[in-house]
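**Q** To start, I am sharing the structure in question, which I have written as structure tokens.
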Amino acid sequence: MLKKNIEDICNRQIEREGYSSNLYLAMASWAEVNGFSGVAGWLYTQSDEERIHMLKFIKYVNERDAKAVVPAFKKPETEFKTVEDLFKEVLKHEEFVTASINEIVALTLEEKDYNTHTFLQWFVNEQVEEESSARIILDKLHLVGNNNLYQFDRDIMSLRATAQGTPATT
Ligand SMILES: [Fe+2]
Ligand SMILES: [Fe+2]
């Protein structure tokens, strides 16, 4: 069974992954109504992935004979100044999530909970990719996007594929 403090910090992460999913959903909706269908597609996919992250924690906590709690989520922002501002927020948020995952890793070592420590390794690697993919997008925006948002919006899904090292499917 999970120690109480490990259970609590995993439940904190369930809230953070679920909030991430809602945040990217709100961003996707903003992009969609503002005519950025590519950016919206990228963010809808990202939102789905964050929900899967939340599920991974829920299932792990329950599997270890502890109790996952699905909380209320605070309402994300609904307005963003520009596409660049939006992606700066994505990067900032991913850096926050990385720090959050690292705190759990540190606690598992303190508590000698090597099972949870192993479970977390997938998230440690995932956060490297998440931050990198947000930075690649911001780099592209600096290179071309702000002068040609049409092209940026059209190509953003292929950037996502590049960031993850897998070929684009569309
Ligand atoms: Fe996540
Ligand atoms: Fe993420």
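The values are calculated or read from the model by the stated rules, or taken from the named source; none is laboratory data. Just so you know, these numbers come straight off a predicted model, no measurement behind them. Backbone-built Cβ (ideal geometry, glycine too); neighbour counts: all protein chains shown. Accessible surface is based on the protein model in full, side chains and every heavy atom, while ligands, DNA and RNA are left aside. Shrake-Rupley method; radii C 1.70, N 1.55, O 1.52, S 1.80 Å.
**Q** Only loop residues by DSSP count here, and only those with at most 15 other Cβ atoms within 10 Å; note down the GluC sites (Glu not before Pro) in the stretch 55-89 that meet that.
**A** On the way: sites: Glu63, Glu77, Glu79, Glu84, Glu89; in loops: Glu77, Glu79.
Here the GluC sites (Glu not before Pro) that fit, given the DSSP loop and packing criteria, are Glu77, Glu79.
**Q** Also: For the stretch 85-90, take each phi angle, set θ = phi - 60°, evaluate the Karplus expression 6.51 cos²θ - 1.76 cosθ + 1.60, and give the result in whole Hz per residue in order, putting x for glycine and proline.
**A** 4, 4, 6, 5, 5, 4
**Q** So which trypsin sites (Lys or Arg not before Pro) in the stretch 96-144 pass both tests, a DSSP loop state and at most 10 other Cβ atoms within 10 Å of the Cβ? Could you put the intermediate results ahead of the total?
**A** Details: sites: Lys112, Arg135, Lys140; in loops: Lys112.
Taking the stretch 96-144 and a limit of 10 other Cβ atoms within 10 Å, the loop trypsin sites (Lys or Arg not before Pro) found are Lys112.
**Q** Still on this model: Would you tally the net charge around Trp122, using a Cβ to Cβ cut-off of less than 13 Å, leaving Trp122 out, and scoring K and R as +1, D and E as -1?
**A** Details: positive: Lys56, Lys59; negative: Glu17, Glu49, Glu126, Glu129, Glu130.
That works out to -3.
**Q** Which percent of the accessible heavy-atom area of the stretch 1-59 goes to carbon and sulfur, probe 1.4 angstrom? Could you put the intermediate results ahead of the total?
**A** Working: 1320 of 2410 Å².
Here carbon and sulfur together make up 55 percent of the probe-accessible area.
**Q** Trypsin sites (Lys or Arg not before Pro), restricted to the stretch 1-87: which are DSSP loop and have at most 11 other Cβ atoms within 10 Å?
**A** Working: sites: Lys3, Lys4, Arg12, Arg16, Arg51, Lys56, Lys59, Arg64, Lys67, Lys74, Lys81; in loops: Lys3, Arg64, Lys67, Lys74, Lys81.
The qualifying sites are Lys67, Lys74, Lys81.
**Q** At q = 0.09, 0.13, 0.17 Å⁻¹, what log₁₀ I(q)/I(0) does the chain have when each alpha carbon counts as one equal point scatterer in the Debye sum?
**A** Values, matching the q order: -0.33, -0.66, -1.01.
**Q** Moving on. If you roll a 1.4 angstrom probe over the protein chains with everything in place, what fraction of the accessible area of the stretch 103-159 belongs to carbon and sulfur, to the nearest %? Please list the in-between numbers first.
**A** Details: 1730 of 3240 Å².
Summing carbon and sulfur atoms, their accessible area is 53 percent of the total for the stretch 103-159.
**Q** What accessible area per residue, rounded to a whole number of Å², is obtained for the stretch 59-119 using a probe radius of 1.4 Å?
**A** Values: 3800 Å² over 61 residues.
Accessible surface, normalised per residue, equals 62 Å².
**Q** Grab the DSSP H runs of the chain that are 4 residues or longer, score each as -39,500 (n - 2.57), total them, divide by all residues and round the 222 nm result to the nearest 500 deg cm²/dmol. Provide the component values of the computation, followed by the final result.
**A** Numbers: 5 runs with 127 residues, N = 170.
Mean residue ellipticity at 222 nm (helix-derived): -26500 deg cm²/dmol.
**Q** Here is a follow-up. Taking Lys67 as the anchor, which aspartates and glutamates have their alpha carbon closer than 13 Å to its alpha carbon, excluding any fewer than eight residues away along the same chain?
**A** Excluding near neighbours in sequence, the set is Glu7, Asp8.
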